[in-house]
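Below: the structure, in structure tokens.
The numbers here are math on the coordinates, done by the rules we state, and not lab data. Predicted model, so just to flag it, every value in this text is computed and none were measured. Cβ atoms come from the backbone with ideal geometry, glycine included; neighbour counts cover every protein chain shown.
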Amino acid sequence: MKNLFFILLFFTISANLFAQMITQKTGYVDSEVIYEQYAPAIKAQSDLEAIASKWRASRDSMVTAFQKKFQDYQQKAETMPEADLQKAQQELAREEQAIQQFDQTKFGQGGELFVKQAELYKPIRERVLKIIETVASEEGYTFVFDKTETASIMLYGDSDFDMTFKVLDRLKKDK
């Protein structure tokens, strides 16, 4: 009877140890919060906005010039000879196309703003991921998810497992 008791005790303890070994600790971060509060990300966003603002100003001046030429064309169209009329229409079409090309080159998918954003954020993302890995490793997390407003991967998360501010604190310490 004593042997049976010890065998059951041994199996119970072994089962608990095995269950603890396979238990996985899961955490999450909110990368939007990190990027909103991390100084290098804030500076990168400010730099991007300054670049975009310059390009918007250039585009606005192109649009204003186009609108003025279009108004002039409309006022003079009735009295213009056919050859001048076609020439003016072709010039307006070229300018409109130039504005669209400018928009696509600067702001379109794969445009200069997209490339500049990738360039500025690449080292920041790498740094954030490295710190997430460090915090996860130190605290024994098996999985870490990103919980953002735009691309939420997780439907529920206990705030006890939120690593966002641990990562932010570490980023601020490890300059």
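According to the Kirkwood expression over distinct Cα-Cα pairs, how big is the hydrodynamic radius of the range 24-173, in Å? Mean inverse Cα-Cα distance, inverted, gives 19.3 Å. When only the Cβ of Lys, Arg, Asp and Glu is charged (+1, +1, -1, -1), the dipole of the range 24-173 relative to its Cα centre reaches about 480 debye.
With the highest mean first, a sort of the peptides 74-83, 164-173 on other beta-carbon atoms found within 10 angstrom per residue produces 164-173, 74-83. Counting Lys and Arg as +1 and Asp and Glu as -1 over every other residue whose Cβ lies under 13 Å from the Cβ of Gln89, the net charge comes to -2.
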